[in-house]
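Worksheet: one structure, shown below.
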Amino acid sequence: MDTGRRQRLEERANTWTHLVGLVCSAAGSALLLTKVLPTYDWRIWLGVLTYTCSLMLMFTTSTLMHSLPEGEKKERYIKYDHMAIYLCIAGTYTPFLMITIQTEHSMLLLAGIWVCAGIGVLWKYYFTGRYVIWSTLIYLLLGWSALWVWGPLQDSLTGAGLVWLLAGGAAYSIGTIFFLWRKLMHHHAIWHVFVILGAACHYVCMWQYVFA
């Protein structure tokens, strides 16, 4: 198969996989917002809005980027796509650290995660496409920073909640293997499937244990 045809097929698969993720995240976000509608706790509203908006932003930028033809606009959306990953990591952490744990250490960690996410956004704006392995490692380290508050998480979540939380992290982490495995046909679409799985696991944890 020639390179051009392979690229077109892969980009089509990349677009459709994260379009599915976008539709599912939009529906899930609507349900989650409906669930918290009766509450007047500003922390719950801030947590759910930050989480849902960052999740949909990640799937939206990815879907748009992969659907665009090669050119300047696509290059711009590649930046947006990579920047949105940092925001989604921080957005996913927000409800856990602000609602589930609610300790001084968790709030300090949350502030640190958002600072790191902001630095990551700037990094991707200026260096998108460079230092790919290092960038992936930073995503992973930021994603697993919850280990700093593992004790309070164990106290705040039930066993099943922790399983869903860890399963989501594992799905994202395993997916990075395929993200970096560039010689494999449809490696990026496979990575997208793992992203959807990771997001789904974290959504279940949010629904059943964070915004219960």
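Of the peptides 47-58, 158-169, 184-195, the order by per-residue mean of other Cβ atoms within 10 Å, starting with the highest, comes out as 47-58, 184-195, 158-169.
Please give the FRET efficiency for Ala111 paired with Lys73, using the beta carbon to beta carbon distance and R0 = 30 Å, rounded to the nearest 0.05. If you can, show how the numbers build up before the last one.
Values: r = 35 Å, r/R0 = 1.15.
According to the calculation, E is roughly 0.30.
Mean separation of Cα pairs under 8 Å and 6 or more residues apart, divided by the residue count, gives the chain a relative contact order of 22 percent.
Simple point charges give the picture: +1 on the Cβ of Lys and Arg, -1 on the Cβ of Asp and Glu, and for the chain a dipole about the Cα centre of about 540 debye.
Taking amide H as placed 1.01 Å from N in the peptide plane, the amide H of Leu157 sits under 5 Å from none that are at least 5 places away or on another chain. In order along segment 201-208, the phi-based Karplus estimate (6.51 cos²θ - 1.76 cosθ + 1.60, θ = phi - 60°) of 3J(HN,Hα) comes to 4, 5, 5, 4, 4, 4, 5, 8 Hz; Gly and Pro are listed as x. Over all pairs of different C-alpha atoms in segment 1-115, the reciprocal of the mean inverse distance, the Kirkwood hydrodynamic radius, equals 15.7 Å.
Using a 10 Å cut-off on Cβ atoms, rank the peptides 13-26, 114-127, 81-94 from the highest mean neighbour count down.
On the way: 13-26: 19.3, 114-127: 15.5, 81-94: 23.9.
Top of the packing list down: 81-94, 13-26, 114-127.
Using the Cα coordinates of segment 3-210, the gyration tensor eigenvalues translate into equivalent-ellipsoid semi-axes of 29, 18, 16 Å, sorted from longest to shortest.
Once you sort the root eigenvalues of the Cα gyration tensor of segment 125-186 as a ≥ b ≥ c, which label holds: rounded (a/c under 1.5), prolate (a/b larger than b/c) or oblate (the other case)? Oblate.
Here is the list for segment 53-155: GluC sites (Glu not before Pro) lying in DSSP coil, each with at most 15 other C-beta atoms within 10 angstrom of its C-beta, are Glu70. Checking the Cα-Cα distances for Lys35/Lys73; Lys35/Lys79; Lys73/Lys124 against a 27 Å cut-off, the pairs over it are Lys35/Lys73; Lys35/Lys79. With Cα atoms as the point set, segment 59-136 shows a radius of gyration and Dmax of 14.8, 47 Å. If I build a Gaussian network model for the chain, linking alpha-carbon pairs within less than 10 angstrom, which residue out of Trp150, Trp181, Trp42 has the largest mean-square fluctuation? Of Trp150, Trp181, Trp42, the Gaussian network model singles out Trp42 as fluctuating most.
The angle between the Cα long axis of helix 132-143 and the main principal axis of the chain comes to about 20°, on a 0 to 90 degree scale.
Bear in mind that the values in this text are calculations on the coordinates, not laboratory data. Just so you know, these numbers come straight off a predicted model, no measurement behind them. Backbone-built Cβ (ideal geometry, glycine too); neighbour counts: all protein chains shown.
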